[in-house]
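Enquirer: Have a look at this one.
The values are calculated or read from the model by the stated rules, or taken from the named source; none is laboratory data. Note that the coordinates shown come from a computational prediction; the quantities given were computed from them, not determined experimentally. Using ideal geometry, Cβ is built from the backbone for each residue, glycine included, and neighbour counts are taken over all protein chains shown.
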Amino acid sequence: MSHRLVARRYAKALAEIAVKDGNLERYKQELAEISALVRTNPDMARLAFYPLLAPARKAAAFDAILAEGGMSPTVRHFFTVVSHAARLSLIHEIAEAYAEIVDELTNVVEAKVVSSQALSGPQTTALAASLAQRTGKTIRLRWSPDPAILGGVKVQVGSTVYDASLQGQLRLLKARLLSA
């Protein structure tokens with residue numbers, strides 16, 4: 001079974017608990033913090049990924065660290081279960097899968113925006129509003145620069161790409177000229 005599928009199952013179980021508790025966003029934030037801690041702290045990474053350490057010892061050590069960090073009892077218990085199942089090495093995948101599940105439950109979709117320059121505040125607001133109207137969902141924009149597109153923007157929402165870039169327009173013009 002793929003790691004992604006296993007991680008999604010754990011994330012889904014936590015999301016079901018979070019819906020009952022009313023803590024979807026809180027647990028999402030805690031998982032993101034824990035994942036970031038494991039990424040940036042070599043000792044935490046060794047604890048999570050070292051295969052020869054007994055799961056019970058990993059669970060106890062991880063729980064002590066999470067308690068010290070002020071994590072909720074539910075998230076602490078969740079990681080105890082994950083540790084005992086020897087799946088602590090999936091911590092990043094679980095955090096990502098949980099964030100995706102929360103987005104699905106809260107009707108949020110991420111739009112990847114590529115432009116040669118950063119968009120201004122009013123441009124960002126107008127783009128998010130336009131995409132929200134098209135998709136019927138709340139839009140979270142993620143911008144990345146690409147000077148190769150020359151001007152305009154390219155937006156990807158799910159598998160749909162809206163190309164309003166100068167590079168895209170030039171490509172269309174080239175295709176029309178070559179087919180004529």
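Enquirer: Let me confirm something: among ALA61, ALA85, ALA99, which residue is at pLDDT 90 or above, of a type outside the set (Ser, Thr, Tyr) and in contact with a Pro (Cβ under 9 Å, 6 or more places away or on another chain)?
Expert: Being at pLDDT 90 or above, of a type outside the set (Ser, Thr, Tyr) and in contact with a Pro (Cβ under 9 Å, 6 or more places away or on another chain) holds for just one of ALA61, ALA85, ALA99, which is ALA85.
Enquirer: Hey, ALA111 hits all of (1) surrounded by 13 or more Cβ atoms within 10 Å (Cβ to Cβ); (2) not assigned by TED's automatic domain parsing to the domain that holds ALA128 but one; which does it fall short on?
Expert: Result: ALA111 fails condition (2) only.
Enquirer: Listed residues ALA67, ALA99; which is of a type in the set (A, V, I, L, M, F, W, C), buried (at least 17 other Cβ atoms within 10 Å of the Cβ) and in a helix (DSSP H, G or I)?
Expert: Only one candidate qualifies: ALA99.
Enquirer: Quick one: would you say ARG26 is in contact (Cβ under 8 Å) with a residue 24 or more places away in the chain, of a type outside the set (Gly, Ala, Ser) and closer than 25 Å to VAL108 by Cβ?
Expert: For ARG26, the condition - in contact (Cβ under 8 Å) with a residue 24 or more places away in the chain, of a type outside the set (Gly, Ala, Ser) and closer than 25 Å to VAL108 by Cβ - is met.
Enquirer: I need a count of the residues in the range 44-76 that are within 24 Å of the chain's Cα centre (by Cα) and over 26 Å from GLU16 (Cα atoms).
Expert: So the answer is 5.
Enquirer: For the range 155-180, enumerate the residues that are within 12 Å of GLU110 (Cβ to Cβ) and either modelled with pLDDT of 85 or more or assigned to a helix (DSSP H, G or I) (or both).
Expert: Hits for the range 155-180 are VAL155, GLN156, VAL157.
Enquirer: Kindly list, by first and then second residue, each pair from a residue in the range 133-161 that is more than 11 Å from GLN117 (Cα to Cα) to a residue that is among the acidic types (Asp, Glu) and part of a strand (DSSP E or B), limited to pairs with Cβ atoms under 7 Å and residues at least 6 apart or on different chains.
Expert: ARG140/GLU110; ARG142/GLU110; LYS154/ASP163
Enquirer: Restricting the range 131-154 to residues that are part of a strand (DSSP E or B) and more than 22 Å from the chain's Cα centre (by Cα), which is modelled with the highest pLDDT?
Expert: My answer is VAL153.
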